[in-house]
Structures are given as C-alpha cells and as structure tokens.
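Only the coordinates and a few stated rules stand behind these numbers; no lab work does. For clarity, every value in this text was computed on a predicted model and none was experimentally measured. Here the Cβ positions follow ideal geometry from the backbone for every residue, glycine too, while neighbour counts run over all protein chains shown.
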Amino acid sequence: MKYNLLIARFSEIAIKSHPVRKRLLKILIKNIKKAMLKNKIEAVVYAKWERIFVETKNIKKATNILKHIFGIVSISPVIKLKLSNLEKTIKNYAHMAKNKNFAVRVKRVGNHDFTSRDMEKKLGSIILSKINAKVNLEKPDITFYVEIRNDDAYLYFDVIPGPGGMPLGSEQKVFCEIKNKRDLVACWLMMKRGCKVVIFPKISIKPLKKWLYGEHKIIKKLDEFCLKLPKVSGDSLKKIKINGIKFYPICCLTQEEIDKIFKKINN
C-alpha cells in the first residue's frame, strides 16, 4: 500500500469555542511535532478543516506514535490524490475486495456536480466491474473510505482509534505521586484530561513514558512547590481523605475497569 499521508482526527476540541479550539489545536500540533522529533521521524504537520495532516515517509512508525497522543480520537494512513485520478486509483485497488463483502463510504466538502451517494455508487460499480465481490453496507469485510475536499481526494481503509481526551499540557498542573498501579492509572486519566502532570515516581513508570507527549515533568525528589499543587490519588472511596485539593479519578471504578485501563496504558 502506497500511503503518503496520515490523517489525525479530534472530536472534543471541535466543540469548543473558536478561541479555545484555536488554542487547543495549537497545543496538539505542537505535541505531535515534538513527538515526531523525539522519535527521529521527519514529518510536516499542519491542520486543515477539522483534520490534522502528517506528511511523512515513515507511515507505520508515525501511526504508532499518534496512537499515544492525547487529543487524537482516530488515525488513518491515506493515499492523497487528485479527484480527477480517483476512479483510476479505485480500479488499481479494487483487488483488495476480491471474494469479499465490501462497502464504499464517501464524505465530501466543496462544490461538486455529484453527491456523496452518487460517488459511492459510481466507485462501487467500478470495483464490481473489476473483481468478484459483493456489496454489504452493514458488515463489510473491507471498506473503501473516500474523503473528497474540493479538487483533492483521500483514500483509506482503516480508522485506528486514538486515546481521545484533551492535548497534554492544555490544563493546569497537578502532582502525581505514583506508588502503585492505581496511582499510575489515575495519573494517566488526568493526562487524558490535558493536565500538566508533575510526576514523582516510587515505582517504574515505563508504561507511562510513551504517552508523555506534551508538557510534563518527572522529579526525583519532592520540593515545596510540588506539595502546593493539587494532588492526584489512586485511592478508593473508602480511603479518601479531604486534605487540600485532591483528585480521585478512579475512586468509583471497579477493579476490572482499572485493569482494563492499565492494559491499554501498556499497549
């Protein structure tokens, strides 16, 4: 597959007011650029419409990095092409649906002399004329996703989930003393809400490190400033003690839910 671009989508950012959305998007793009630089991936990152585009030759590695950046809800490796070449490109990739059930999903932005539904039918007919396959709009084995934006088209086959949430570093500072798995999960959830985390690890935080794309700090010893910050705790409801400002993001979660999040952190 000759992917030449990555599309990253965001959701929660999009519902904010224009000034807030602009600020959050700026932080998210900054986090992505730093992540690419840290992992020695050459990439051009920019936002357009409600999408973030990442141009890079290292699609596979960049995809894995984007899966760990808060604020991104999904990622797709795409083939960017001119709209005039779309039908030809669909013919070239029709073999991917051979002996399978398939669907074509088209999203369209701009002024065109066709509707999204018209284009779905047209591209579906092209695929059926090239190979033996069946259309199944409910449970396809493969989906040809097409986004048409003015004179450009984007073809992709996968929508890979991201962590969602808010960009790391977009909210206020909190102090995370990590003594056990519960504290680690609690810290991760506050990171997902965009908090600038100040981490004081008493156990290995290796699982967290691949998520630390954004403003954060890891300290080796406590100081007076840290103790004044709001504290994040992995304690349960039974152990909650009100003493200053504290956050208990997992206090109402079951052990099964905590284990599920911990597993996700390690992936």
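Report the antiparallel proportion of the DSSP beta bridges in segment 5-161 as a percent, rounded to a multiple of 5.
On the way: 26 of 36 bridges.
Here the share of antiparallel DSSP bridges comes out near 70 percent.
Computed over the Cα atoms of segment 158-267, what is the convex hull's projected area averaged over all directions, in nm²?
Details: hull surface 29.4 nm².
Over every viewing direction, the Cα hull of segment 158-267 projects on average to 7.4 nm².
Relative contact order, percent, of the chain when contacts are C-alpha pairs under 8 Å separated by at least 6 residues?
Working: 530 pairs, mean separation 48.1, N = 267.
Relative contact order here is 18 percent.
Within a 10 angstrom radius of the beta carbon, how do ILE127, ILE218 rank from fewest other beta carbons to most?
With the fewest neighbours first, ILE127, ILE218 line up as ILE218, ILE127.
Could you size up the charge dipole of segment 65-198 around its Cα centre, putting +1 on the beta carbon of Lys and Arg and -1 on that of Asp and Glu, and report it in debye to the nearest 20?
Working: 24 positive and 13 negative charges, 55 e Å.
It works out to roughly 260 debye.
In the chain, with Lys and Arg counted as +1 and Asp and Glu as -1 at Cβ, which of these residues, PRO77, PHE157, TYR93, has the Cα nearest the positive end of the dipole, that is, farthest along it?
About the Cα centre, the residue reaching furthest to the positive side is PRO77.
Taking Cα centroids, how far is segment 244-266 from segment 186-219 in Å?
One Cα centre to the other: 14 Å.
Compute, for the chain, the length of the dipole vector about the Cα centre, with Cβ point charges of +1 (Lys, Arg) and -1 (Asp, Glu) only. Units Debye, rounded to 20.
Dipole size: approximately 720 debye.
Looking at SER236, PHE200, ILE258, which one has the Cα that reaches farthest to the positive end of the dipole of segment 173-266 (charges on Cβ: Lys, Arg +1; Asp, Glu -1)?
About the Cα centre, the residue reaching furthest to the positive side is PHE200.
What ranking do ILE261, ILE160 get, fewest neighbouring Cβ atoms within 10 angstrom at the top?
So the residues, fewest neighbours to most, are ILE160, ILE261.
If you build a Gaussian network model of the chain, linking Cα atoms that sit under 10 Å apart, which residue out of LYS48, LYS88, LYS80 swings the most?
Judging by the Gaussian network model, the answer is LYS48.
Apply the Kirkwood formula to the chain: the hydrodynamic radius equals the inverse of the mean of 1/r over all pairs of different alpha-carbon atoms; give it in Å with one decimal.
Working: mean 1/r = 0.0482 Å⁻¹.
About 20.7 Å, per the Kirkwood formula over Cα pairs.
If packing is taken as the average number of other Cβ atoms within 10 Å across a peptide's residues, how do 139-148, 69-78 rank, most packed first?
Most protected by this proxy first, the peptides run 69-78, 139-148.
Please give the calculated 222 nm ellipticity per residue for the chain, where each DSSP H segment of at least 4 residues contributes -39500 (n - 2.57) and the sum is spread over every residue; nearest 500 deg cm²/dmol?
Helix-only estimate at 222 nm: -9500 deg cm²/dmol.
Could you tell me how many degrees, from 0 to 90 and to the nearest 10, lie between the Cα long axis of helix 18-38 and the main elongation axis, the longest principal axis, of the Cα atoms of the chain?
90 degrees
Measure nothing fancy, just the Cα-based angle from helix 116-130's long axis to the longest principal axis of the chain, in degrees from 0 to 90, nearest 10.
So the helix axis and the longest Cα principal axis differ by about 60 degrees.
Please work out the FRET efficiency for the pair LYS22 and LEU222, using the Cβ-Cβ distance as r and a Förster radius of 45 Å; give the result to the nearest 0.05.
0.80
Report, in debye and to the nearest 20, how large the dipole of segment 128-205 comes out about its Cα centre when Lys and Arg carry +1 and Asp and Glu carry -1 on their Cβ.
540 debye
Lone cysteines in the chain, going by a 4.7 Å Cβ-Cβ cut-off?
CYS195, CYS226, CYS251, CYS252
Please give the helix 181-192 orientation as an angle from the longest Cα principal axis of the chain, in degrees from 0 to 90, rounded to the nearest 10.
That helix lies at roughly 60 degrees to the long axis.
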